[in-house]
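Where a number appears in this text, it was derived from the coordinates with a stated rule and is not lab data. Quick caveat, the model's predicted, so the values are computed rather than measured. Because the Cβ atoms are built from the backbone with ideal geometry, glycine has one as well, and the counts that use them run over all protein chains shown.
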Amino acid sequence: MKMKLGTCTLAVSLLLSFVACSTRIDKAEAPRPNIVVVMCDDLGYADVGFNGSTDIKTPALDQLANEGMKFTSAYVIHPFCGPSRAGLMVGRYPHKIGAQFNLPPNSETIGKGIDLNEKYISSVLQDAGYYTGAIGKWHLGSVEAFHPNNRGFDEYYGFLGGGHKYFPEEYRVIYEKQKKAGKKVIFEYLLPLERNGKEVQETEYITDALSREAVQFVKEGAKKDDPFFLYLAYNAPHVPLEAKEEDMALFADIKDQDRRTYAGMVYAVDRGVKQLVDALKQTGEYDNTLIVFLSDNGGKVSKGANNYPLKEGKGSTHEGGYRVPMFFHWPDQLQKGQVFEHPILAIDFYPTFAKLAGASIPENKKLDGLDIWDDIKAGENPHDDDMIYCLRHRVGYTDVGVRLNEWKALKVNQEPWKLFNIVEDMSEDLDLSDTHPEILKALVIEAEQWSQTHQQPHWFHDKATGIDWRDDNMPQFEKTFQLD
Ligand code: CA
């Protein structure tokens with residue numbers, strides 16, 4: 001009896017030591033990664049070398065893209081800034097939380113921001129021990145409750161509104177003059193930058209300033225025991241088009257002034273990414289850092305951008321509005337030179353990052369995205385048979401894009417619904433609604449059901465839009481989803 005007990009105890013303790021040992025091995029083999037999201041603002045699909053740009057040079061980004069996994073069907077969740085960023089942070093369609101419009105400029109005057117019940121991915125990672133930083137454009141609420149430091153970011157450097165002028169020597173003069181004159185609300189593009197709620201006197205070209213801060217954050221993060229999460233949101237190449245002479249000089253061949261300035265702005269981001277990569281290498285963090293690069297929406301074609309071969313751009317539910325340049329780079333986990341053609345969504349980041357970080361998502365947290373990690377590693381479609389939506393309200397009507405596998409239904413400018421095979425026809429040239437009416441009908445019915453999950457907007461980007469919305473009795477979805 002005694003002997004038997006002893007054997008059993010031995011077996012149990014062997015088992016326990018094996019479990020402990022294998023846990024240690026697992027941990028040693030797959031330490032949690034640093035996660036760095038580099039987001040550009042209004043960068044066109046074809047405005048980076050890795051997506052075929054021939055005039056704009058982006059050597060640092062191209063190297064990362066070519067040594068990682070490039071996505072050719074990466075979608076953000078809205079074709080303009082605020083809702084796209086909200087979607088990324090909360091992992092849901094912004095329409096479901098009333099965030100389908102941009103916050104107005106100087107949103108501190110209305111005191112609104114993204115629903116505080118929606119836990120950000122940054123908070124999830126922070127709770128898991130990550131050192132978290134946001135740098136650059138915020139656009140998710142400017143008063144204290146919505147401030148990055150209260151939404152899961154240990155560190156914040158940047159500006160809280162929807163954009164900013166780029167040269168401190170220019171914007172500071174205007175700001176000081178208006179302040180002296182007693183102007184109460186000074187346009188947010190002119191305001192001083194801030195660090196963790198405290199005003200700073202920035203002296204560098206804004207893109208360079210954000211890159212400098214990113215490098216500093218990486219150096220600080222590398223000293224910590226836990227990994228770090230950096231959300232680096234450049235405002236470039238969003239308007240105003242303002243580039244450094246030395247960057248524009250590299251693009252003397254570009255005749256169009258807007259395009260040349262835009263090229264200089266994109267190149268400044270590329271220089272910054274090079275510095276970021278150097279910092280990751282110097283601190284020994286490079287191999288175990290997942291770098292995600294993307295744009296928050298399509299490029300603005302009237303302001304120097306190029307979304308070729310996609311149709312239209314920022315604001316549109318054509319592909320050019322919300323299909324963006326994107327890559328993942330992580331030497332320890334992703335093989336070089338992969339091109340992933342299945343769709344992935346910016347709302348997939350939330351559950352995917354949480355999984356990679358070993359972080360727990362609150363049980364009641366609603367998510368529209370998926371953990372895509374295993375699928376992208378296996379080369380399989382994470383969104384097989386999933387509906388992928390893009391919906392943008394205009395004055396009195398609504399534009400919609402709905403993708404299911406190879407099919408995309410499109411509604412723009414109050415014209416009849418169209419249907420495209422988006423795999424064979426990514427430029428949306430050939431309308432197949434007459435030949436496949438049953439497919440179109442199925443997609444439109446699904447989209448209408450999805451629209452029933454939306455909330456009324458919690459704000460509008462200006463007063464006139466709100467008045468129009470009420471006057472037109474929007475959203476009027478029965479009109480949107482009517483098939484003739
Ligand atoms: Ca944008």
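Based on the Cα gyration tensor of region 234-339, what are the three equivalent ellipsoid semi-axes, each the root of five times an eigenvalue, rounded to whole Å and given largest first?
Over the Cα atoms of region 234-339, the semi-axes work out to 27, 20, 11 Å.
With N set to the number of residues, divide the alpha-carbon radius of gyration of region 30-102 by 2.2 N^0.38 Å and report two decimals.
Working: Rg = 14.9 Å, N = 73, 2.2 N^0.38 = 11.2 Å.
With N residues counted in region 30-102, Rg over 2.2 N^0.38 Å equals 1.32.
So, R0 is 41 Å and r is the distance between the beta-carbons of VAL423 and LYS179; what FRET efficiency does that work out to, to 0.05?
On the way: r = 54 Å, r/R0 = 1.32.
For R0 = 41 Å, the calculated efficiency reads 0.15.
Which aspartates and glutamates have a Cα less than 12 Å from the Cα of LYS479, not counting those fewer than 8 places away in the same chain?
ASP399, GLU415, GLU448
Run the dipole for the chain about the Cα centre, Lys and Arg Cβ at +1, Asp and Glu Cβ at -1, nothing else charged, and hand back the magnitude in debye, nearest 20. Mind showing how you got there, number by number?
On the way: 54 positive and 72 negative charges, 308 e Å.
The calculation lands at about 1480 debye.
Please report ILE186, ILE35 as a ranked list, fewest other C-beta atoms within 10 angstrom at the top and most at the bottom. The partial results should precede the final answer.
Working: ILE186 17, ILE35 24.
Ascending Cβ contact count within 10 Å gives the list ILE186, ILE35.
Within region 257-324, how many Lys pairs sit with Cα atoms under 18 Å apart, leaving out pairs fewer than 8 places apart on the same chain? Spell out each step's value before the answer.
Values: LYS300/LYS311; LYS300/LYS314; LYS303/LYS311; LYS303/LYS314.
Count of close lysine pairs: 4.
Could you work out the percent of alpha carbon pairs in the chain separated by over 45 Å, rounded to a whole number?
More than 45 Å apart: 13 percent of the Cα pairs in the chain.
Using r as the Cβ-Cβ distance of ASN117 and ALA30, and R0 as 41 Å, what FRET efficiency do you calculate, to the nearest 0.05? List each step's numbers first, then the result.
On the way: r = 33 Å, r/R0 = 0.80.
For ASN117 and ALA30, the calculated efficiency is 0.80.
Considering only Cα-Cα distances, which of the following residue pairs are longer than 32 Å: LYS244/LYS418; LYS57/LYS463; LYS137/LYS255?
Values: LYS244/LYS418 43 Å; LYS57/LYS463 40 Å; LYS137/LYS255 30 Å.
The answer is LYS244/LYS418; LYS57/LYS463.
How large is Rg/Rh for region 123-227, to two decimals, with Cα atoms and a Kirkwood Rh?
Working: Rg = 15.0 Å, Rh = 14.7 Å.
A ratio of 1.02.
Peptides 150-160, 445-455: what's the order by average Cβ count within 10 Å, highest mean first? Each step should come with its number before you reach the end.
Values: 150-160: 22.6, 445-455: 14.9.
Ranking the peptides 150-160, 445-455 by packing returns 150-160, 445-455.
What is the spread of the Cα atoms of region 77-176 along each of their three principal axes, largest first, in whole Å?
42, 30, 23
What order, most packed first, do the peptides 44-57, 468-481, 90-103 have when packing is the mean number of other Cβ atoms within 10 Å of each residue?
Numbers: 44-57: 21.1, 468-481: 14.7, 90-103: 24.6.
The peptides rank, most packed first, as 90-103, 44-57, 468-481.
What does region 344-396 give for Rg and for Dmax, in Å, if only its C-alpha atoms count?
Using the Cα atoms of region 344-396, the pair Rg, Dmax is 13.7, 45 Å.
As a test, work out the antiparallel percent of DSSP beta bridges whose residues both lie in the chain, rounded to the nearest 5. Show your work: numbers first, answer last.
On the way: 29 of 57 bridges.
Approximately 50 percent, going by the DSSP bridge assignments.
Can you give the percent of C-alpha pairs in region 216-276 whose distance is more than 19 Å?
On the way: 785 of 1830 pairs.
The answer is 43 percent, as a whole percent.
Using +1 on the beta carbon of Lys and Arg, -1 on that of Asp and Glu, and nothing else charged, what's the dipole of region 379-477 about the Cα centre, debye to 20? Kindly include the intermediate steps, with their values, before the conclusion.
Details: 9 positive and 20 negative charges, 116 e Å.
Using only the charged Cβ atoms, the result is roughly 560 debye.
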